[in-house]
Amino acid sequence: MNLDGVYTAIVHRADPEAPPASLGSLLHPGPVLLVFVRHFGCTGCSQNVTDLQPWLRELSERGVQTVIVGTGKPTHLRGFVERFRLQDYAVEAVTDPTRRAHTAAGLRRSWWGTLGPRGLWDLLAGFGRGHLNGLPQGDTAQQGGTLLLGPEVDGAREVVLQHVNQSLADHAPAVELAEAALALQARGGAAELA
Amino acid sequence: MSAYLIHAANLLILSSFLVRDILWLRVLSIGAGLCFLPYFYFAQAAPLWAPIGWNLVFMTVNGVQIWRLYLERRPVQLSPDEAELRQLALHSLTPREVLQLVGLGSWKQAESERPLCSSGEPLAELLVLVAGQVRIEREGRALAELGPGRLIGEMSYLTGEAPTVDVRPLEPCRLFAWEIPRLKGYLETQPALRGAFQRVLGADLSRKLRGVTESQRLELG
């Protein structure tokens, strides 16, 4: 994994007025949760965001900035933000159509992950939970993933958790991410006491 | 008579397709099976054992699932102790979730002489203070006092590291204790309960950190 590559990737925001910026420039100094999704019409991304949504407030209260990174066009991102009402949550959603951030984060690009048996099962299971697959809005072979980064200390961050999605709906369970964030908060608290 | 049976069975199947509650779908399906059995046995020139056998299989599967649904849905009665534990520390959990957690732990008494946890010593249990008062100390310096409903050891539970403070009872205390590996192992198999319990831990941790920061601020003047 190349964290510098993640930070220097140029991303677009949902706000058409906001100029493209490096992903690193959007990150707060505190802990950061980077959730890489596939393409914005994907059933797996829908499942991932729906799983994460009930935890966004807690993550924010635990001092964690959540950033969702997709691979579609900025216009696709706006639709995605509206569909999941992300503007009402403490979350930043951006898109990196060049996939530089995904590549630097060590995530997989795999047609097998999308169209293999597990990918097809994910598609069916997603349908069973009410997540329909939309038209491709980004790179359909790109798999998602999650990085939980610790607070910035002397310009560097510790990778607390990395999950590389293996198929289209595979993702780190939100409850595990929230627990890791809580552990970070506890460590911070223990350090304060010391 | 046989015509009535086959129509009754199919009407029950039709009704089962119209209901949305899986429990009633299964009950109606068993009702249909009960109509099919005599139809396949008595209304034929010779009993049709294959459909009879398959119907018995379907009815058994549905019966087991109905029993499981009943167990999941029946109301939960907490004992006075369990209700107190819920009211004090686990109020965001449902009674059924509280009962699941209570089944994993045990009630304890603590005397005022022995610390509940000591700095640098790995902690085996996550505790809820049900009655009594404890003091959090660091190198003999009091950081905070905790009363009923507060958790002890949640930082170690979350980080897996030894505590950095001592916790000393100020009076005989009553506690509820969970062995940390057992609790973690169980919660890993119960994502919904794990999430709910994590919110309990998070709320207590935030309250504690706020309290300690406040007391440090007051100390610093």
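Of note:
- From least to most packed, judged by other beta carbons within 10 angstrom and beginning with the fewest, B:157, A:89, B:41 follow the order B:41, A:89, B:157.
- From the C-alpha gyration tensor of segment B:80-220, square roots of 5λ in Å: 24, 16, 15
- Long-range HN-HN contacts of residue A:68 with modeled amide H, under 5 Å: A:35, A:92, A:93, A:94
- Long hydrophobic helices in chain B: the complete DSSP H runs spanning 27 Å or more by Cα along their own axis with mean Kyte-Doolittle hydropathy of at least -0.5 are B:22-42, B:49-73, B:191-220.
- In Hz, Karplus ³J(HN,Hα) per residue of segment A:105-112 (6.51, -1.76, 1.60; θ = phi - 60°; x = Gly, Pro): 7, x, 8, 8, 10, 8, 5, 4
- Angstrom value of the Kirkwood radius, inverse mean 1/r, which spans all Cα pairs in the protein assembly as shown: 25.2 Å
- DSSP-defined beta bridges in the protein assembly as shown - what % are antiparallel, rounded to 5: 80 percent
- For the segment B:146-157, counting C-beta atoms of other chains within 10 Å of every residue's C-beta and taking the mean gives 1.
- Here the residues A:25, B:29, ranked from fewest to most Cβ neighbours within 10 Å of their Cβ, fall in the order A:25, B:29.
- Highest-first arrangement of B:171-178, B:15-22, where packing means the average Cβ count within 10 Å: B:171-178, B:15-22
- Binned Cα-Cα distances of segment B:22-152, short to long, each 5 Å bin given as a whole percent: 2, 8, 13, 12, 10, 8, 7, 6, 6, 6, 6, 5, 4, 3, 2, 1, 1, 0, 0
- The convex hull drawn around the Cα atoms of chain A, when projected onto a plane and averaged over every direction, covers 10.3 nm².
- Packing-based exposure ordering (other Cβ within 10 Å, fewest first) of B:111, B:154, B:161: B:111, B:161, B:154
- Springs join every pair of Cα atoms under 10 Å in this Gaussian network model of chain A, and among A:139, A:88, A:170 the largest mean-square fluctuation is at A:88.
- For residue A:109, nonlocal amide neighbours, meaning residues 5 or more places apart or on other chains whose placed amide H falls under 5 Å from its own, are A:143.
- Antiparallel DSSP beta bridges within segment A:3-193, as percent of all bridges there, nearest 5: 65 percent
- Rounded to the nearest 20 debye, the dipole magnitude of segment B:80-220 is 360 debye, with +1 charges on Lys and Arg beta carbons, -1 on Asp and Glu beta carbons, and the Cα centre as origin.
- Gyration tensor over the Cα atoms of segment B:2-73: the corresponding equivalent ellipsoid has semi-axes (square roots of 5 times the eigenvalues, largest first) of 24, 14, 7 Å.
Where a number appears in this text, it was derived from the coordinates with a stated rule and is not lab data. Note that the coordinates shown come from a computational prediction; the quantities given were computed from them, not determined experimentally. Cβ atoms come from the backbone with ideal geometry, glycine included; neighbour counts cover every protein chain shown.
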